[in-house]
Amino acid sequence: MQITSILDIIDGRLLNHPSISFIYSIKTNPKKIKEGDLFIVQDEDDIPLAIENGAFALVVNKKIEDIPDNEIAWVYVEYIEETIIKLVRYLLSNIRLTAFYCNSVSYELFNILRKPTVHTNIKIIPNNLSKFFKLLDDIEENDTIICSNQKLLDDIYPINFNFNTKEYDINNLIEHSIFETTFSHKDRYFSKLKISSLYLTEFLDVYSYLGYDADLNKLKKFHSLKPIFVDKLINHTEFGRTDKFLIAQDKDDLLQKEVNYLTNKYKYAKVLYLTTKDIDDNRDIDYIFINSLEELKEFLKKVQFNAVYFIGVSYDELYEQVSKQNNEPSLI
């Protein structure tokens, strides 16, 4: 691609008069740079490595006074994120694709259930768009792209569709717990899936789109309404070993939905709602504030509960915290 064409696409300005006039590919990771690439600078500390690895052009959002290498092109733009969007939109503009935006649950399920070697025509747009450049070379005519951010998808591929539109007949539903379900749909029977009944529609959306070809054991990686069982010392223990468990949720769009679900399905249990950050006061959630995750164990040892729903924390963060063994001191 010609440097002059890139300047037009991103509304950039050359800061020097380079000897080169073209680039081969676009990268945002300096470690992945090969000779002839254009590098989009998001951290100035990455510049030396990009040059060392052979970058032909660098896009920066600061005017550099002392350019270290005048042989290559230095392009100034006002906003790096806008530049990334403009480049991705241009690179996708001549490819015929099917583009879907979906909710965060379907997006997580696509990432878990899609088989890269089987579903080669389905490409997942990462939430950090700068990571999308490494997938661009693999995108082919008539592929499908999946995005969880409608505005972002509108920016990079305006002709797109809502993925979450279907309704399903679910029969023989057995809710073994709030996080394990058995049911049938059409001629298929699903036994003890590690997923809440709250998300069966999203599950069937994704599973059917994948041609009913996925390893359902991978649902263990699905973290929405996934329990972390704990013992009396609030240490992590085996699934179902105790009657106490924790749930983490860091996706704002799912909070009220899951709280309502727990309120309806778990009426006779003592459920605590905790957070380490301020949350939207308009939400109908009676929550308890604690200063940090490090205080979690000591706090929970002093209160009665069956379940704790932790707001604004990821499953991995919460799991790591309760996996730190904290034994009571011996009286010997």
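Quick note: the coordinates plus some simple rules give every number you see, no bench work behind them. What you are looking at is a predicted structure, and each value in this text was computed from that prediction instead of being measured. Cβ coordinates were reconstructed from backbone atoms using ideal geometry, including for glycine residues, and neighbour counts include every protein chain displayed.
Largest mean-square fluctuation among Asn94, Asn162, Asn306, in a Gaussian network model of the chain whose springs join Cα atoms under 10 Å apart, belongs to Asn94.
Each Cα pair under 8 Å and six or more residues apart adds its separation to the average, and for the chain the resulting relative contact order is 12 percent.
Take every DSSP beta bridge whose two residues both sit in the chain; close to 30 percent of them are antiparallel.
In whole percent, what relative contact order does region 229-269 give with Cα contacts below 8 Å and a gap of six or more residues?
28 percent.
Computed from the C-beta positions of Val271 and His17 and an R0 of 56 Å, the FRET efficiency is 0.25 to the nearest 0.05. When the listed pairs Lys34/Lys151; Lys194/Lys244; Lys267/Lys324; Lys192/Lys297; Lys221/Lys244 are checked against a 28 Å cut-off, the alpha-carbon distance exceeds it for Lys34/Lys151; Lys267/Lys324; Lys192/Lys297.
The orientation-averaged projection of the convex hull spanning the C-alpha atoms of the chain amounts to 22.7 square nanometres. The equivalent ellipsoid that matches the C-alpha gyration tensor of region 1-53 spans semi-axes of 19, 12, 11 angstrom, in descending order. The lysines within cross-link reach of Lys166, meaning a Cα-to-Cα straight distance under 19 Å and a gap of 8 or more places when in the same chain, are Lys186, Lys257.
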